[in-house]
1. Tell me which residues, restricted to the range 38-64, are charged (D, E, K, R) and assigned to a loop (DSSP other than H, G, I, E, B).
2. Select from the range 10-37 the residues that are open to solvent by less than 20 Å² (accessible area, probe 1.4 Å), in a loop (DSSP other than H, G, I, E, B) and out of contact with any helix residue (DSSP H, G or I) (no Cβ under 8 Å at 6 or more places or on another chain) and list them in ascending order.
3. Does residue 298 satisfy being at pLDDT 95 or above, of a type outside the set (Gly, Ala, Ser) and either over 30 Å from residue 460 (Cα atoms) or open to solvent by 10 Å² or more (accessible area, probe 1.4 Å) (or both)?
4. Give me the pairs, please: first residue somewhere in the range 12-36 and closer than 22 Å to residue 124 by Cβ, second residue anywhere and open to solvent by 60 Å² or more (accessible area, probe 1.4 Å) and of a type in the set (Asp, Glu), beta-carbon distance under 7 Å, and either six or more positions apart or on two chains.
5. Can you tell me which condition residue 305 does not meet? The list is (1) without any contact (Cβ under 8 Å) to a residue 60 or more places away in the chain; (2) surrounded by fewer than 20 Cβ atoms within 10 Å (Cβ to Cβ); (3) in a loop (DSSP other than H, G, I, E, B); (4) at negative phi, and all the others hold.
6. Determine, yes or no, whether residue 265 is buried (at least 22 other Cβ atoms within 10 Å of the Cβ), small (Gly, Ala, Ser) and outside any helix (DSSP H, G or I).
7. Suppose we keep only residues that are assigned to a strand (DSSP E or B) and of a type in the set (Asp, Glu) within the range 109-155. Which one would you say is farthest from residue 285 (Cα to Cα)?
8. How many residues are within 30 Å of residue 152 (Cβ to Cβ) and at pLDDT 95 or above when one looks only at the range 408-448?
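The values are calculated or read from the model by the stated rules, or taken from the named source; none is laboratory data. The structure displayed is predicted, hence computed values, not measured ones. Quick reminder, even Gly has a Cβ in these numbers, built from the backbone with ideal geometry, and neighbours come from all protein chains shown. Note: areas computed on protein heavy atoms with side chains; ligands, DNA, RNA excluded. Shrake-Rupley method; radii C 1.70, N 1.55, O 1.52, S 1.80 Å.
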Amino acid sequence: MKLKLNITDKFNKELPADPDERNTRRQVRNACFSYVTPRKPSDPSLVHVSPEMGETLGIMNSIKSKDFLNVFSGAKVMKGTKPYAMCYGGHQFGNWAGQLGDGRAINLAEVENNGKTWALQLKGAGETPYSRTADGLAVLRSSIREYLCSEAMYHLGVPTTRALSLILSGDQVLRDVMYDGNPAYEKGAIVCRVSPSFIRFGNFEILAAQDDVKTLRELTDFTIKHYFSYLGKPSKDTYLAFFKEVAVKSLEMVMHWQRVGFVHGVMNTDNMSILGQTIDYGPYGWLEGYDHGWTPNTTDKAHKRYRYGTQPQVVLWNLLKLANALYPLIEEVEPLQAVLAEYQDELKVAYLNMMKSKLGLYKTDENDQDLVDKLEDVLQLSETDMTIFFRLLTGFKGDDSNDGLDLIKDAFYHPEEIKGEVSRQWKEWFLAYRVRLKLEGENDVERVEGMNAVNPKYVLRNYMAQLAIDAVDKGDYTILDELFNLLKKPYDEQPDSGKWFAKRPEWARNKVGCSMLSCSS
C-alpha cells in the first residue's frame, strides 16, 4: 500500500532558512536550517522496522511497500516536503567548537497522527552544508546500535528519541573505527529517527555566539509555542520559566540514565535535547562492572569527562551554557543562576530517591544517605555487575532467612576476590540493609514488585549489540530481531531469554565494539 503521511511542517515554515540552497560546506548565519536533498542510495534494502513506531505514525500497512523503502532510505523526497539540515553549534568536551549542525542527519518532514506531531529524520543519508570534511553517511555498525538502543531506552522508561526503520544503502562507506590510521570499507546504512523535535541546546548557542538576537528570539518563541505552550506568551518571565523547564526535564533524563546504568559517552551541548530526551547514540554503553569512573568513549579515555559518575554534573555544566545563550533574551544573571542552584539542590534529593527506589526503600530514615554511600563503596571493591546485582537483590529479605553474599554471587566478575576485608565490608552492608528493610514493614511482595519495576533484568550490553552487528553483516537478522523483542520488556522475567541475563563474557572485555568505542560508533 502507498505510503501516506499527514505532513505538518513547522520548523522549516516558521523559522528563517539559509537562502543559499547549494549543498556546499559553509558558515551559515541568520538562519536555523539549510535545505538539502538526501543522497540516493545505490541499492536500498530494509533490515528492520519498529512495528510500534509504524503504528504510532499510522503507516504500519505500508512498511513493506516500495514507497516506504524509497522515502526512508532517502531515495525519494515525499511530495509537499522540503528536507533540511539544522544549524547549531556546541561545546565539545568542554570547548566551544563553533558551528556544527546536522552533518549526517537530514530532517524529512514533521507529521501528525492521533493528535501528536513527530519529526522524521534520516541519519546517514548524505552530506549537508554542515558535514565539514565528512561524507554525511553512516555505517551498519553504528546504525544498528542507534536503532536498537533508542527503542530499548524507550521501553526502559528513559526519555529518548525513537527509531522507525533501519535500511542498508547498498553502498560501501570508508571508516577508521578507532581513529588509528587503519580505515576500512563497511556497509552503509540509514536509520529513521523520530522525535517531537530535534532542537538542541546548540541551536540556541550558535545564534547567541553570532550575536543574532533576532533569530535567537524567533527560535525561542517557536520552541515555547510548540513544545512549552503552557508557559504562556513570550516574555522575560516566560523565557526564564522555559529555561527552568529544560533544567527539570534534563535532570529527570539523567536520573534515568543513572538508574539503569547508561553512559552516553558524548554529552556535548549539541547532543542535549531541549525536550530532555536522550539524543545521538554514539559511543554509549551500560555499566557492567559498577564503576563511577567508566566511559565507553575512547576519545575521552584520558580525561573521562563524560564518565558515568559525572553525568549529572555535566548536565549542569551544559545548562550553564544554555543559560549563557538565553541571557540576551532575559538580561538578568541572578534568576538564571537561581535555576542552576536549584538544579544542584534537586539533584541531591533526586539521586538519593532514585537509589532508594532501586533498594526498595520508600520511607525516610536519617541514615539512608549513609547506606547508599556505603553500597556504592562496596560495589567498587571488586568488579560487580550493576544490572545483575540490583536484580538479584530483590530476593533479599528483612529477616534472617538468606545470606546476602550468596544471593548476589553471580554478579561478581572475580568471585575469588570476595574474601577477607572485602567480604567483611559486604556483610556489614547487608546487615545495615537488613535492619533498614525492617522499617519498611512486612510486605516483601510490594517491595519486590517496586524494585523489579526500576531495576531492569535486560539491557543492551555492548557485546549483545556487537553480536547482532556481526550477524547482520553476514545477512542474518535473527539476533537483531531477538534483541529488539527482548528489550521491549526489559523488566519482565522472560525465562526463555535467560541467556541474556548474564555477565559480559570474557572475550568481550577488550574487544572493539564491546568495550572500546569511538565517536564514529
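1. Answer for the range 38-64, where residues must be charged (D, E, K, R) and assigned to a loop (DSSP other than H, G, I, E, B): 39, 40, 43, 64.
2. 18, 28, 36
3. Against the criterion (at pLDDT 95 or above, of a type outside the set (Gly, Ala, Ser) and either over 30 Å from residue 460 (Cα atoms) or open to solvent by 10 Å² or more (accessible area, probe 1.4 Å) (or both)), residue 298 does not qualify.
4. Cβ pairs passing all conditions: 23/127; 35/21.
5. The single condition residue 305 does not satisfy is (1).
6. yes
7. Going through the qualifying residues, I end up with 112.
8. 9
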